[in-house]
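The structure appears right after this line, and notes come after that.
Please treat every number below as a calculation from the coordinates, not as lab data. In this text, all values refer to a predicted model and were calculated from it rather than measured experimentally. Using ideal geometry, Cβ is built from the backbone for each residue, glycine included, and neighbour counts are taken over all protein chains shown.
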Amino acid sequence: MSIDSTTAGSPTGARPSVVLGVAGGIAAYKACELLRRLSESGHDVTVVPTASALEFVGAPTWSALSGKPVAADVWTSVHEVPHVRIGQGADLVVVAPATADLMAKAAHGLADDLLTNTLLTARCPVVFAPAMHTEMWEHAATRANVATLRSRGAVVIEPDEGRLTGKDTGKGRLPDPEALFEACTEILARGRVGDADSSESSMPDLAGRHVVVSAGGTREYLDPVRFLGNRSSGLQGYALARTAAARGAEVTLVAANVSLPTPAGVRLVRVETTAELRGAVVEATASADAVVMAAAPADFRPTQVSDAKIKKAADGSAPTITLIQNDDILREISTTRARAGSVIVGFAAETGDDTGSVLDLARAKLARKGCDLLVVNDVSGGAVFGSPDNEAVVLGADGAHTDVPLGSKSALAHVIWDEVARRLV
Ligand code: CTP
């Protein structure tokens, strides 16, 4: 399902109640932008900073942006029992930035301020967006605390790589506020799906799983400035990556020539050609529980790539370009199965022809590729490139057939992950 209205994510149908926890890191300034995005999109946000966070960004800023009083301790407005009430009433708690210290406290159930108390009383989805120096993130103590939090069902978003507080660079940056916002709304929407299912476990269903998603369209160069390409936007692949991360998965996103913002917490590998795409997918597949080939790889490449720009001939004749077929990545990973029990998903855009209907051709392709699931788009009425919406049929090698009505690419992505999760052993 998608979060189309601001009431999505709230069991009561009221504005979703989000607690924004802010721990004491320099990235606290980025949480102001996250707060603004959440508030402006209709969420009821309560900011709970730690005392250290207030050293970086003061209470008046949080209060002005959220429209509510702000406290870090449990002694303010005690008659309202805030140390219990705030967590109990939340539809989502997101801690951004989450410091090593805050996650250590949360992992051990310490509760010496309002935020740590709130984390103990919350029964909704909880998201930590860590930000710290690389050494702290990689320390065995932090690794253990992150593993503990994840094992209890929290989503811990992998930090970005890049410039840190000083002159150093490495893993530990807080993802961009917009990417965090997208992750929060995705998890809120998912929370409501869970409520409707009254599922027995609050653990995200892809927690502990590594999934690989390919997205975009590859380019095959003729010379340094010209290429053969296709119109794939990468939107469906990015929706798959974003929704998988929201469902707790470790995500490797292999992106071919996509200019979309990177989803929060996703490991991005950029490629250009089908050969590069194959290399990145095959490498990541070795440790993958699931692979979804949403990319549109070019099936052919020129036999020769000119080192210099190809010039027009003086006699006006056009060059002849000879093509050679690229490897079929989906078929290769489906037949070799680098990891036993992995679930492999392909995509197919079909029009149907005089040899068979869309579904006939899709069933034949599913068998030919050897994958477990095939997501079929009927493009006889026009392509879906660049559109925010998609309509599809998901076919299973086991005979399954799931119609997915026209809806957002996130909604289709969730159906695909439902089908994958069902098949994971
Ligand atoms: N695919 C792939 N490697 C290729 C071409 C396609 O892995 N060289 C994957 C796509 O990512 C997609 C699926 O195969 O998941 C189906 O793509 P499609 O282009 O429909 O398959 P083709 O085998 O090229 O079939 P057709 O001859 O109908 O174009």
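Numbers at a glance
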| quantity | calculated |
| --- | --- |
| Extension gain, ARG337 back to MET136 (0.36 nm per residue minus Cα-Cα distance, nm) | 68.7 nm |
| Residues whose placed amide H lies under 5 Å from that of ALA295, excluding near-sequence neighbours | SER214, ALA215 |
| The stretch 65-169: trypsin sites (Lys or Arg not before Pro) in DSSP loop, at most 10 other beta carbons within 10 Å | ARG123, LYS167 |
| Derived scalar couplings ³J(HN,Hα) [the stretch 27-34; Karplus, 6.51 cos²θ - 1.76 cosθ + 1.60; whole Hz; x for Gly, Pro] | 5, 4, 5, 6, 5, 4, 5, 4 |
| In the stretch 70-162, the chymotrypsin sites (Phe, Trp or Tyr not before Pro) that fall in loop regions by DSSP, at most 11 other Cβ within 10 Å | TRP75 |
| Net charge of Cβ neighbours under 12 Å - reference ALA215; Lys, Arg +1; Asp, Glu -1 | +3 |
| Among the listed pairs LYS365/LYS409; LYS68/LYS105; LYS311/LYS369; LYS105/LYS409; LYS171/LYS309; LYS369/LYS409, those beyond 31 Å (Cα-Cα) | LYS311/LYS369; LYS105/LYS409; LYS171/LYS309 |
| Distance from the stretch 136-152 to the stretch 263-328 (C-alpha centre basis), Å | 38 Å |
| Using θ = phi - 60° and Karplus 6.51 cos²θ - 1.76 cosθ + 1.60, couplings along the stretch 66-71 (whole Hz; Gly, Pro as x) | 9, x, 9, x, 10, 9 |
| Dmax and Rg, reported as Rg then Dmax, of the stretch 17-190 (C-alpha, Å) | 14.8, 47 |
| Separation in nanometres of the label points that stand 7 Å from Cα toward Cβ, at SER63 and THR351 | 6.5 nm |
| Using θ = phi - 60° and Karplus 6.51 cos²θ - 1.76 cosθ + 1.60, couplings along the stretch 408-425 (whole Hz; Gly, Pro as x) | 5, 5, 5, 5, 5, 4, 5, 4, 4, 5, 4, 5, 5, 4, 4, 9, 6, 9 |
| Sequence-distant residues sharing a close amide H with VAL45 (under 5 Å, placed H) | VAL18 |
| Fraction of beta bridges assigned by DSSP in the chain that are antiparallel (%, nearest 5) | 30 percent |
| Computed lengthening from ASP398 to ASP112, 0.36 nm per intervening residue step minus Cα-Cα distance | 97.7 nm |
| Anisotropy class of the stretch 210-423 from Cα gyration tensor, a/c 1.5 cut | prolate |
| Value of [θ]222 nm, deg cm²/dmol, for the chain, DSSP H segments ≥ 4, -39500 (n - 2.57) each, nearest 500 | -10500 deg cm²/dmol |
| In nm, spacing of pseudo-spin labels at PHE300 and GLU55 (7 Å Cα→C-beta vector) | 6.4 nm |
| Label-point gap, in nm, between GLU33 and LEU228 - each point 7 angstrom along Cα→Cβ | 4.1 nm |
| Along each principal axis, Cα extent of the chain, largest first, Å | 84, 49, 38 |
| Positive minus negative residues near ALA72 (Lys, Arg vs Asp, Glu; Cβ under 13 Å) | -4 |
